[in-house]
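Working notes, beginning with the structure itself.
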Amino acid sequence: MSIGGRSKVVWLSLLGSMTGVGALLLALDGRPAPRVDGLSLPLLAAASGPTNVDAVFATRTPLGQGQWTGIVIHHSGSPYGTAASIAAEHEAMKFRGLGHHFIIGNGNGMADGELHVGYRWLDQLPGAHAAGPKGDEHNLHSISICLVGDGDRAPFTAAQLRRLSQLVAALQHELNIPSNQVLLHREIAQTRDPGTFFPEADLRRTIAR
């Protein structure tokens, strides 16, 4: 099935999961809450393999086949997190709404393994997530995936890591992203992100297959 046909089927079946923020309360200073609209996929939708995350390719703007050349993996740095809470942190850093393309929950704020597909991905917009000398380049051309949690204090959940592997595999396959361009944030910037508990060796073995 073509990307367009497949996307329409998956999109229609999951349209009810779209999360809107039009009814969110205004922030205390009177400004609208940061933008976090997107698509929420429960863990069950991806339980049987990477092909079941095909909903992420039903973007509102046509998929930028030549735009995305890499993937950068982050953690949120705190045990609790939602799209709204992380977007609020990004807004405080002068970003424009949620800076990541994808967020994977840990059961504390979002369901364990739940995938939030952010508006930047749905609209094929650059991210606001990467630091370092080549931060601008990665923000323009790398897909940002954020795991909720503090990888310096505790391991990520099995559901999170399974979802991460599925998502990375699907993105690599669809966009021809080589394994050497699947990066941890600490590889491009002076940071420990996504933390010492992140199982890098396991990820490398998975994507090598």
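Rule-based calculations on the coordinates, nothing more; no lab input. Note that the coordinates shown come from a computational prediction; the quantities given were computed from them, not determined experimentally. FYI the Cβ positions are ideal-geometry reconstructions off the backbone, even for glycines, and counts take in every protein chain you see.
The residues neighbouring residue 182, those whose beta-carbon lies less than 11 Å from its own, together hold a net charge of -1 under the Lys/Arg +1, Asp/Glu -1 convention.
With the simple model of a label 7 Å out from the Cα in the direction of the Cβ, residue 200 to residue 108 spans 2.4 nm.
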